[in-house]
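Read through the structure below, which is laid out as structure tokens, and then see the notes.
The values are calculated or read from the model by the stated rules, or taken from the named source; none is laboratory data. Quick caveat: nothing in here was measured; it's all calculated off a predicted structure. Glycine gets a Cβ as well: all are built from the backbone with ideal geometry, and neighbour counts include every protein chain shown.
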Amino acid sequence: MPQKRLSCSTPLILDTNVFSDGGFLNALESFHGEKKIPVIVYVEISIHFINNKGKSMQWIDRRLHRLGIEVEWLHKNHAKNIISYAAKFPDVFKSKWRDFLIASHAYPPPRTLITYNKKDFWFMRRNGVYSPDEITF
């Protein structure tokens with residue numbers, strides 16, 4: 001599969017599931033562009049690492065800092081993006097609201113969403129949605 005080479009000017013938005021791939025996270029350390037996680041991803045990974053791995057909030061914050069990842073809070077423009085997606089697909093929104101919330105941070109281009117669950121973001125028409133296996137830095 002051909003890979004997309006991402007430049008440092010491409011802001012990366014990371015989905016929760018990429019944090020299970022140590023190899024990807026190691027490679028991500030060498031990417032010197034913007035790396036962000038939506039606040040919902042911060043909540044999801046924190047709950048996972050605390051409940052399943054016995055890690056502390058301090059450990060999580062240090063790990064994110066070492067990787068150069070910032071938590072991006074929900075802003076009015078993100079909410080507007082969610083509303084535009086939810087208005088088109090209200091039945092999907094009811095069960096997939098967290099995915100809509102994550103997707104709202106990946107707009108506008110060139111922001112790029114990195115996820116192993118591309119199918120969950122079909123409503124974005126896959127614009128700017130890649131799996132870690134499809135990209136290089």
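Only one of the listed residues (I45, I50) is of a type in the set (A, V, I, L, M), crowded, with 16+ Cβ neighbours inside 10 Å and under 26 Å from A27 (Cα atoms). That residue is I45. Scanning for something basic (K, R) and under 21 Å from M124 (Cβ atoms), does the range 44-63 turn up at least one residue? No, there is no match, as no residue in the range 44-63 is basic (K, R) and under 21 Å from M124 (Cβ atoms).
Going residue by residue through the range 57-66, is there one that turns out to be at pLDDT 95 or above, over 25 Å from F31 (Cα atoms) and not β-branched (V, I, T)? No, the conditions are met nowhere in the range 57-66.
Among the candidates I40, I69, I135, the residue that is closer than 18 Å to T10 by Cβ, within 12 Å of the chain's Cα centre (by Cα) and touching a residue at least 40 places away in the same chain (Cβ under 8 Å) is uniquely I69. Taken together, the residues in the range 100-137 that are in a helix (DSSP H, G or I), surrounded by fewer than 18 Cβ atoms within 10 Å (Cβ to Cβ) and either at positive phi or aromatic (F, W, Y) (or both) amount to 2. How about the range 43-66: which of its residues are of a type in the set (D, E, K, R) and either without any contact (Cβ under 8 Å) to a residue 24 or more places away in the chain or within 21 Å of S104 (Cα to Cα) (or both)? Within the range 43-66, E44, K53, K55, D61, R62, R63 meet the criteria. Report yes if I135 is closer than 21 Å to G22 by Cα and among the β-branched types (V, I, T), otherwise no. Taking the combined requirement at face value, the residue satisfies it.
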